[in-house]
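Trainee: Below you will find the structure I want to go over with you.
What follows draws every value from the coordinates through simple rules; no lab data is involved. Because the structure is a prediction, the values reported are computed rather than measured. Every residue, glycine among them, receives a Cβ derived from its backbone with ideal geometry; neighbour counts consider all protein chains shown.
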Amino acid sequence: MSAPVKILIVDDEPDIAVILKLHLENAGYLTERAKDGETCLEMMTAERFSLVLLDVNLPKLSGVHVLERIRESNSDATVIMMTGDGDENLAVKCMKSGAADYFSKPFDLDDVLHRVEQALSYRTMLLEKRRLEREKEDFVYMLSHDLKNPITAIIGTIDIIREGRLGPINPEQVDYLESCIDCCNEVVAMINNMLDLHRIEAGRMQMHIRPSYPNLPIQSAIDRFTIIANREGIRIAAAVEKDLPQVMIDRMAFSRILANLLNNAVKFTPEGGEIAVSCRAITPDTETLQAMPTHAAAQALKLTGYKQLLRLSVSDTGHGIPPEDQASIFERFVQSWRSNREYGGAGLGLAYCKLTIETLGGIIWVESVPGQGSNFIFLLPCLEPNEEENVA
């Protein structure tokens with residue numbers, strides 16, 4: 001059985017305080033009274049109240065200042081302001097400062113009770129939201145420490161065995177060990193995607209965005225995944241324009257975007273298939289926009305002010321994505337029904353790509369025909385020659 005809700009009535013007029021006290025206690029609430037703002041703050045330090053009925057006009061310390069002090073104390077009590085004639089504008093100002101509601105004197109007792117119930121319901125919802133946020137933070141902490149670190153240690157141990165440092169192994173064993181490493185790396189990549197999505201949305205992701213030539217990170221990603229694709233009997237073809245213009249990117253985030261797209265392409269391309277990586281500088285003219293899907297063209301309007309755009313695409317010869325899934329494929333934990341059933345995964349890689357590319361000022365979309373493969377394309381604004389800087 002839950003404990004009765006405690007309400008603090010803060011009013012220097014005893015008659016009003018008594019009326020409210022009797023009515024609220026008749027409804028099952030516990031109440032106490034404070035005659036002024038200073039007493040209110042002292043009582044809230046000593047006891048926990050779920051709700052405060054706070055008069056705007058109080059001696060010594062006004063209700064407005066009391067409300068500010070309550071919010072500064074990080075108290076989880078919800079506050080309803082009580083106003084006299086002509087105080088409504090002040091009460092509205094208090095609501096903007098954190099009060100849940102207000103009512104005017106003289107008041108209707110049934111209306112007061114209704115507002116109290118609503119305010120307490122809102123407080124319960126807010127506390128539940130805070131609890132879920134704490135659980136989310138705890139989960140993220142667990143991912144980054146209690147789960148990610150042991151997996152990294154496992155990868156290192158398997159790698160030592162694969163290299164033969166603990167004794168000779170045959171080629172078949174090497175293949176199995178490399179598959180184990182790939183699976184562990186995929187789990188680590190999913191954890192990293194989740195952590196970074198959380199950091200970006202919480203405003204705690206520190207990106208080092210600077211002018212960079214994209215050729216080197218693109219080639220590095222292609223070289224890395226060519227080795228992985230070859231083991232799966234998949235060919236990677238690259239058509240990357242030489243001397244691409246500079247773009248404003250975080251190099252690590254840019255490499256992660258490429259890794260996510262290439263990892264998906266390898267995962268969904270059958271043995272004997274092909275992955276094509278293409279990158280070139282384009283002009284954001286009308287013809288370019290008209291060739292895009294409608295939803296992508298609408299987003300691309302924000303890029304029409306640039307003289308050049310970096311266009312990078314990763315296409316595969318896999319099963320493709322049904323049209324009804326293409327609009328939502330970049331949302332977190334969303335996958336095409338076929339990929340979810342056959343290939344697993346958490347559905348976080350594309351969500352990371354979308355959020356990061358948009359943070360860098362670009363857009364991403366997919367073009368796909370079921371049975372013919374998929375083509376993931378993103379655009380980033382290029383720096384003009386007079387804006388380019390020397391980079392290492």
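Trainee: Could you give log10 I(q)/I(0) at q = 0.09, 0.11 Å⁻¹ for the range 210-381, computed by the Debye formula over C-alpha point scatterers of equal weight, without solvent?
Mentor: The computed values of log10 I(q)/I(0) come out as -0.28, -0.43.
Trainee: Find how many whole Å separate the alpha carbon centroid of the range 345-376 from the alpha carbon centroid of the range 80-135.
Mentor: 44
Trainee: If you don't mind, another one. Counting only DSSP beta bridges with both residues in the chain, what percent are antiparallel, rounded to the nearest 5? Walk me through the numbers before you get to the answer.
Mentor: Working: 25 of 49 bridges.
Roughly 50 percent of the DSSP beta bridges within the chain come out antiparallel.
Trainee: Related question: Kindly give Rg over Rh for the range 1-124, based on alpha-carbon atoms, with the Kirkwood expression for the hydrodynamic radius. Intermediate values should be presented prior to the final figure.
Mentor: On the way: Rg = 13.0 Å, Rh = 14.2 Å.
Checking Rg against Rh, the ratio lands at 0.92.
Trainee: Taking the Cα atoms of the chain, report the difference between the largest and smallest coordinate on each principal axis, in whole Å and largest first.
Mentor: Answer, in whole Å and largest first: 87, 58, 43 Å.
Trainee: Next question, about the same structure. Output the peptides 240-251, 122-133 sorted from most to least packed, where packing is the average of other Cβ atoms within 10 Å over each peptide's residues.
Mentor: Numbers: 240-251: 16.9, 122-133: 11.7.
In descending order of packing, they fall as 240-251, 122-133.
Trainee: Between 0 and 90 degrees, rounded to the nearest ten: what's the tilt of helix 63-72 against the longest Cα principal axis of the chain?
Mentor: Its long axis makes an angle of about 40 degrees.
Trainee: Would you mind checking the tilt of helix 148-162 against the longest principal axis of the Cα atoms of the chain, expressed as 0 to 90 degrees and rounded to 10?
Mentor: 20
Trainee: Set the Förster radius R0 to 41 Å, insert the Cβ-Cβ distance between D146 and K307 as r into 1/(1 + (r/R0)^6), and round the FRET efficiency to 0.05.
Mentor: Details: r = 49 Å, r/R0 = 1.19.
Working from the Cβ atoms, E equals 0.25.
Trainee: Compute the helix-to-body angle for 37-46: its Cα long axis versus the longest principal axis of the chain, expressed 0 to 90° and rounded to tens.
Mentor: 60
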